[in-house]
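Reviewing the structure listed below.
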DNA sequence: GTCTATATTTTGATAGAC
DNA sequence: GTCTATCAAAATATAGAC
């Protein structure tokens, strides 16, 4: 029973492999975060993981494959999701937690995971360079983020809380841009920049309290 | 008279040197813009400039020295400055061209110089990585940009045109962040993102017409 | 100022034993 | 699955002729 179980994912003959992969991705994540993709070497990642270069390459056939594994790893990343629950008091009729409050809470929580911010800040900019293996990933990611936030701002507008003259799609692209830009500044000067505050200030400009000054229909 | 003129800067024995340096920086600028710093090689830059690697290294002793030369080259960059003059009609009593109009005009003009945007987008993110030679440069650059825009927003507030509740320093950091972030999105999707429009939309939220709704004293 | 030639490291990748 | 050994290519940098 313990030999040749092709469907085994979490245990069995592939258990060690899965654990190794996780371990390698952990170290790659750390190194890509602090040095970027190009300047990171597989040798060093392997060394940090306590294995040989060849062993690493047995699990990830190429450097590019490892990068993609790191980028998609974030789906596992917990944290930052529960932190928003605290501010759920002013939840409106629709969502348990208003998306803007959730966004600010996530930005605040991210500051406690500097690696994650650095990873995306560094790689998303690197990804725009010629032939970078992460290009497609970030292209899709931006599309997805903009689409998601556009829908959120449209919902806000339906609730009559979007400031007059604000275009949901424009606000979506802007909030993504502001978020990423302020995080980069934060990486340079963590003691002077507060990403969550900047996001909060922007959202306060765009979203008005339900029965307040000019909001679109 | 043509031998050993130590003070000669623009001509004389150093004329060729200056011309070569300019030529090398041109190619390095192009390559750093499209590939980033790490992935660019001195050999290729030299090749693009039509000279040997050793010749390049005779003019720039190290790759880092070349990077700094490229980063500081932008001071020579013309363009984008005059484009703002068109909108000078609604110039107020203080400046010939309102700073926000100038900012939007520059963003629009920048779209015609993709290399410049790419250079700063890619390198400013790369610069946050460990031991990157451009780190100090960008640290100072962000400080300078924030300080400059903070002063501008304070001036706007003195004119009673700053929306109530807006903090000049926060707005300064935010506008820098928004600008840089939206430019990165533009690099990924030039046909869908319009950096100048996003900047304009943000400034319209922050700056109100002189005798309008709630503005700070 | 410009070149050829070379030194020294480091890279990602492969071969093959165990 | 993990290792040692090696490869082939590319990097920055240096030495020295002209």
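No lab work stands behind these numbers, since they all come straight from the coordinates. As the structure is a computational prediction, the values presented were derived from the model and not from experiment. FYI the Cβ positions are ideal-geometry reconstructions off the backbone, even for glycines, and counts take in every protein chain you see.
Annotations for the structure displayed:
- Convex hull volume of the Cα atoms of region B:82-206, normalised per residue: 114 Å³.
- Using the Cβ-Cβ distance between residue B:151 and residue B:48 with R0 set to 51 Å, the FRET efficiency from 1/(1 + (r/R0)^6) comes to roughly 0.80.
- Between residue A:189 and residue B:209, the C-beta separation translates, for a Förster distance of 35 Å, into a calculated FRET efficiency of about 0.55.
- Residue exposure sequence - A:74, A:141 - by fewest surrounding Cβ within 10 Å: A:74, A:141
- Proxy reagent accessibility, fewest Cβ within 10 Å first, across A:65, A:27, A:111: A:65, A:111, A:27
- Counting beta carbons within 10 Å around each of B:34, B:129 and listing the fewest first gives the order B:34, B:129.
- Theoretical gain in end-to-end length, residue A:41 to residue A:73 [0.36 nm per residue, Cα-Cα removed]: 9.6 nm
- Label-point spacing for residue A:57 across the identical copies (point 7 Å from Cα in the Cβ direction), in nm and ascending order: 2.7.
- Scaling against 2.2 N^0.38 Å puts the C-alpha radius of gyration of region A:12-73 at 1.02.
- Over region A:82-206, relative contact order from alpha-carbon pairs under 8 Å, at least 6 apart, %: 24
- For residue B:154, label point 7 Å along C-beta direction: distances to other copies, nm: 4.4
- For a label point 7 Å along the Cα-to-beta-carbon line of residue B:139, residues of region A:170-188 with backbone N under 15 Å: A:185-188
- Starting from the label point of residue A:22 at 7 Å along Cα→Cβ, the same points in the other copies fall at 6.0 nm, in ascending order.
- Mean per-residue shielding of peptide A:120-127 is 6, counting Cβ atoms of other chains within 10 Å of each Cβ.
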